[in-house]
């Protein structure tokens, strides 16, 4: 495989984006607080929380702002990513207004809204396609610092538990949190000193189901301040409370940045796959450290999974499936797979022009889909720096990695009337210049033709997607929570082992 094509396989910047929504910032009682962020033992950035008292029509309120800066390597490049989250709250912590801004490419994605009569009307802007979503919003909903906010007001004691409702930015979802206080333990902090801190488990449920990827361990002092937080993701993510100088001491632009997203997120395998592009059938043995793979990996026309019965392992079979193979489905799909949204901006003039250019005189939907797939492969250049751009931006720049290839191909498909969605999962990496062979994060797209969802990969010009593509989720990317589609990847990286046991 050509080394220049590797960036198309490994678009992992969005993984940090998804993972960072799980790290809680400082408590609202602190007027100015700093936290240093470490990933797999490497400093990658910091969080700055600032609170000021304001007044609105004579009502005392707090304005909270949380700024996050990340610095990491992608091969030979250093990437800086910034996120900002703000709220207007009552002194008791009730969230009245919120505003989240994420710089993922040339565009700033903004989600904001006001709580009115038990509802939060969320508005997504910044991708040339405004979207809105109304979610229930009670007076008990708190911001992403809900745990520390609660413990600062009333410190916990051993054996105590309490429940909270916490809003997670970027996911734009409300998560049910249970805090469980354990023992007081001498805990190593970022400055090398040890302090006796209370261990508090933060357990999350989303839509009534446990979500271990949203869990954390908090290390809390006697006043309720979280001095350390551990999240079991991507090799281990830890934040330490520190000073401004300590938070900015390393990982800033121009200074040594050690963490490499590409190399640090590869899942090693026990058996190499010699010809991944030509592999049409693979039987995998999967083992997940903290759960059943059968509850994480979906089943579709390409892949099926059989649990082993031990709650930790399963057999996954993945095979190439064409546009006429398998059982036909419904004659149509939901309209969300045809209409434009904030990421798949299929109504953009440039996207529509490129789609018409790509299909030429083709009339059959599958022929059109294949031509679009090839055009995106042939017309785009690889770019490490773009993280998750909307199709309208990709259509203008024609640069990006697998996420940009996928959203553009999906948007061009919709522009000519072909339903489409993106698939998020893993793909085998086998480049000779790359020191580790194994599975890395990848995105491709699927189209609905002949009453079937069929996978294509515009990063590699595959209209018959090989069996080293392992899907974890698929999405129309509609709504105000585009990063939610990547949570299954965050869930398994650093916890999953993959053993290909049969190849064809």
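The values are calculated or read from the model by the stated rules, or taken from the named source; none is laboratory data. Small disclaimer: the values here were computed from a predicted structure and weren't measured. Backbone-built Cβ (ideal geometry, glycine too); neighbour counts: all protein chains shown.
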Exactly one of 182, 224, 190 is assigned to a loop (DSSP other than H, G, I, E, B), at pLDDT 90 or above and either in contact with a helix residue (DSSP H, G or I) (Cβ under 6 Å, 6 or more places away or on another chain) or more than 28 Å from residue 139 (Cα to Cα) (or both), and that one is 224
The residue that is modelled with the lowest pLDDT, considering only those in the range 472-501 that are closer than 17 Å to residue 268 by Cα and over 13 Å from the mean Cα position of the chain (by Cα), is 494
Apart from one, (1) surrounded by 13 or more Cβ atoms within 10 Å (Cβ to Cβ); (2) more than 12 Å from residue 453 (Cα to Cα) all hold for residue 335; the odd one out is (1)
In the range 31-48, residues that are over 21 Å from the mean Cα position of the chain (by Cα) and either outside any strand (DSSP E or B) or at pLDDT below 90 (or both) total 3
* Asked: Is it the case that some residue within the range 139-148 is at pLDDT 90 or above and in a strand (DSSP E or B)?
  -> yes
Residues of the range 125-168 being buried (at least 16 other Cβ atoms within 10 Å of the Cβ), over 20 Å from residue 484 (Cα atoms) and in contact with a helix residue (DSSP H, G or I) (Cβ under 9 Å, 6 or more places away or on another chain), in sequence order, are 156, 164
Examine the range 196-213 for a residue that is in contact with a helix residue (DSSP H, G or I) (Cβ under 7 Å, 6 or more places away or on another chain), assigned to a loop (DSSP other than H, G, I, E, B) and either more than 22 Å from residue 247 (Cβ to Cβ) or assigned by TED's automatic domain parsing to the domain that holds residue 94 (or both), and state whether such a residue exists.
no
Scanning the range 451-462 for residues that are surrounded by fewer than 21 Cβ atoms within 10 Å (Cβ to Cβ) and either in contact with a helix residue (DSSP H, G or I) (Cβ under 7 Å, 6 or more places away or on another chain) or under 14 Å from residue 318 (Cβ atoms) (or both) gives 461, 462
Of the residues in the range 122-138, those that are in a loop (DSSP other than H, G, I, E, B) and either modelled with pLDDT of 90 or more or on the phi > 0 side of the Ramachandran plot (or both) come to 126, 128, 137, 138
If we ask which residues in the range 240-266 are at pLDDT below 90 and within 24 Å of the chain's Cα centre (by Cα), their number turns out to be 13
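Check 408, 398 and return the single one that is in contact with a helix residue (DSSP H, G or I) (Cβ under 9 Å, 6 or more places away or on another chain) and surrounded by 22 or more Cβ atoms within 10 Å (Cβ to Cβ).
408
Take the range 463-504 and flag every residue that is closer than 21 Å to residue 437 by Cα and part of a strand (DSSP E or B).
Selection gives 470, 471, 472, 496, 497, 498, 499, 500, 501, 502, 503.
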